[in-house]
Amino acid sequence: MTKEILILPGDGIGQEVTSSAKEILDFLIVEHGLDFKVTEMEAGGTAYDKFGSPLPENVLDKAKQSDAVLFGAVGGPKWDNLDWDNRPEHALLSLRKELELFANLRPAFLFNELASASPIKDHIIKNLDILIVRELTGGIYFGEPRAIVEDKSPSYAFNTMIYNENEIKRIAKVAFESAQKRNGKLCSVEKANVLEVSKFWRAIVSDMAKDYPDVELSHQLADNTAMQLVLNPNQYDVIVSSNLFGDILSDIAATLSGSIGMLPSASLNSSAQGMYEPCHGSAPDIAGMDIANPLAMIASLAMALRYSLDQKDLAIKIDNAIKEFIAQGYRTKDISTDEEYVKTSEVASILIGILKNG
Ligand code: IPM
Ligand code: MG
């Protein structure tokens, strides 16, 4: 069966980094005779400028029919003052919700050669390898009711943090199974000392632990996890959390590794359809300068090959090629410690060279 891949470069450096990933993808398709059909469309502010919507209907339809969506990044100051429905971020949240991409996998790992780029001392950060499993289609991001009420005095605003048991069970299952495939440790993070929704979350995750006797489960309060991630990140293997706490914790985890330009992510639904995006944003300040780091996007392509495209061996090849790229001393501007660096547009051909040799 032909696998459909949709590329949505989006805004800012999204354009450059997806073009590097596409070079690698095109190479793999020819080299390995892959039955892939690749389509490229607009999303985010770029789509708003051209079509008056950050996520035109035909783009959403195409995404729904695709096995994997490679998503660059969206947003920029140019579109900051639009109303919410037209904002580039809305495209991202709609894609997550419409494709039911409830499981967001955000690995945070350190290439030991790059330890000096981390804001954390080497001995604390060495060998960092964490997976954050973030719930992505529920919680306070989507909870109803929600409103800003301006016709009352005092005016007020509210959101609803809500999870039903099925939503918690399906994300916890992904987290337990990920822990089984990794080092067998799972830390579930919430605020059970304050929030009903968190107490409920903790009870359900605790109850599920009996089905995973090989996983060591712990529970932690989100504020403590924020601190522990900085003090002693290597205590973690897999962390599972809600949409909001997972958002915050994954930024901390990503920063530990020194460059957010290295970290990929996958957002999956229950039929292994997925959207794959780098953890970094659209970085409008460096857009078009050929200095962005495309490795996070390329590693996201590897995750797509692994989780949605049945090509685990090729995923491993890409991951190894990225390791080799770093080991051979190649550095993009964000991780370079001197004046010399590899341009965005040069990265893919160096990696292809490594892939050909290895
Ligand atoms: C992320 C981002 C998004 C989020 C924004 C851009 C809506 O911060 O993917 O982590 O909050 O989920
Ligand atoms: Mg975030």
Select from the range 27-62 the residues that are part of a helix (DSSP H, G or I), open to solvent by less than 60 Å² (accessible area, probe 1.4 Å) and out of contact with any Lys or Arg (no Cβ under 9 Å at 6 or more places or on another chain) and list them in ascending order.
Ile29, Thr46, Ala47, Val59, Leu60, Lys62
Looking at the range 267-278, which of its residues are buried (at least 24 other Cβ atoms within 10 Å of the Cβ) and part of a loop (DSSP other than H, G, I, E, B)?
Glu277, Pro278
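Residues checked against (1) within 16 Å of ligand 2 (Cβ to nearest atom); (2) of a type in the set (A, V, I, L, M, F, W, C):
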| residue | (1), (2) |
| --- | --- |
| Gly45 | no, no |
| Phe51 | no, yes |
| Pro56 | no, no |
| His90 | yes, no |
Among the numbered criteria (1) modelled with pLDDT under 95; (2) over 22 Å from Ala283 (Cα atoms); (3) surrounded by fewer than 19 Cβ atoms within 10 Å (Cβ to Cβ), which one does Ile125 miss?
(3)
For the list (1) over 19 Å from Ala292 (Cα atoms); (2) crowded, with 20+ Cβ neighbours inside 10 Å; (3) touching a residue at least 40 places away in the same chain (Cβ under 8 Å), I need the number of the one condition that Arg87 fails.
(3)
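To keep it simple, each residue is scored yes or no on (1) at pLDDT 95 or above; (2) assigned by TED's automatic domain parsing to the domain that holds Lys173; (3) over 21 Å from the mean Cα position of the chain (by Cα).
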{"site": "Ser270", "(1), (2), (3)": "yes, no, no"}
{"site": "Met289", "(1), (2), (3)": "yes, no, yes"}
{"site": "Ala292", "(1), (2), (3)": "yes, no, no"}
{"site": "Ser300", "(1), (2), (3)": "yes, no, no"}
{"site": "Asp310", "(1), (2), (3)": "yes, no, no"}
{"site": "Asp338", "(1), (2), (3)": "no, no, yes"}
{"site": "Ala348", "(1), (2), (3)": "yes, no, no"}
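Are there strands (runs of 3 or more DSSP E) fully within the range 68-151 with at least 3 residues that are under 20 Å from the mean Cα position of the chain (by Cα) and among the aliphatic types (A, V, I, L, M)? List them. Walk me through it before giving the result.
Details: elements: 68-73, 103-109, 129-135, 147-149.
Fully inside the range 68-151 and qualifying: 68-73, 103-109, 129-135.
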Does the range 149-159 contain at least one residue that is closer than 30 Å to Glu324 by Cβ and either open to solvent by 10 Å² or more (accessible area, probe 1.4 Å) or in contact with a helix residue (DSSP H, G or I) (Cβ under 8 Å, 6 or more places away or on another chain) (or both)?
no
Considering (1) of a type outside the set (D, E, K, R); (2) surrounded by 22 or more Cβ atoms within 10 Å (Cβ to Cβ); (3) in contact with a strand residue (DSSP E or B) (Cβ under 7 Å, 6 or more places away or on another chain); (4) closer than 22 Å to Ala175 by Cα, say which one Ser218 fails and leave the rest.
(2)
What are the residue pairs meeting all of these: first residue in the range 239-260, first residue without any contact (Cβ under 8 Å) to a residue 60 or more places away in the chain, second residue near ligand 2 (Cβ under 10 Å from one of its atoms) and part of a helix (DSSP H, G or I), Cβ atoms under 6 Å, and 6 or more apart or on different chains?
Ile260/Ala254
Cβ-Cβ below 7 Å, separation at least six or inter-chain, first residue in the range 164-182 and farther than 13 Å from Val133 by Cα, second buried (at least 17 other Cβ atoms within 10 Å of the Cβ) and hydroxyl-bearing (Ser, Thr, Tyr): which pairs?
Gln180/Tyr212
Restricting attention to the range 229-261, report how many residues are away from ligand 1 (no atom under 16 Å from the Cβ), crowded, with 18+ Cβ neighbours inside 10 Å and in a helix (DSSP H, G or I).
1
Assuming Asn193 fulfils every condition listed in (1) more than 16 Å from ligand 2 (Cβ to nearest atom); (2) farther than 20 Å from Phe102 by Cα; (3) assigned to a helix (DSSP H, G or I) apart from one, which condition is it?
(3)
Of all residues making up the range 61-88, the number that are more than 16 Å from ligand 1 (Cβ to nearest atom), touching a helix residue (DSSP H, G or I) at 6+ places or on another chain (Cβ under 9 Å) and farther than 26 Å from Ile24 by Cβ:
0
Output the number of residues of the range 281-306 satisfying the condition of being touching a residue at least 40 places away in the same chain (Cβ under 8 Å), open to solvent by less than 20 Å² (accessible area, probe 1.4 Å) and closer than 16 Å to Thr344 by Cβ.
10
Name the residues in the range 262-271 that are in contact (Cβ under 8 Å) with a residue 60 or more places away in the chain and either within 11 Å of ligand 2 (Cβ to nearest atom) or small (Gly, Ala, Ser) (or both), would you?
Ser265, Ala266, Ser267, Ser270
Could you check, for the range 238-261, whether at least one of its residues is within 19 Å of Tyr307 (Cβ to Cβ) and more than 16 Å from ligand 2 (Cβ to nearest atom)?
yes
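The values are calculated or read from the model by the stated rules, or taken from the named source; none is laboratory data. All figures in this text were calculated on a predicted structure; none of them were measured in a lab. Here Cβ is always computed from backbone atoms with ideal geometry, including for glycine, and neighbour counts include all displayed protein chains. Side chains included, ligands, DNA and RNA excluded: accessible areas come from the protein's heavy atoms. Shrake-Rupley method; radii C 1.70, N 1.55, O 1.52, S 1.80 Å.
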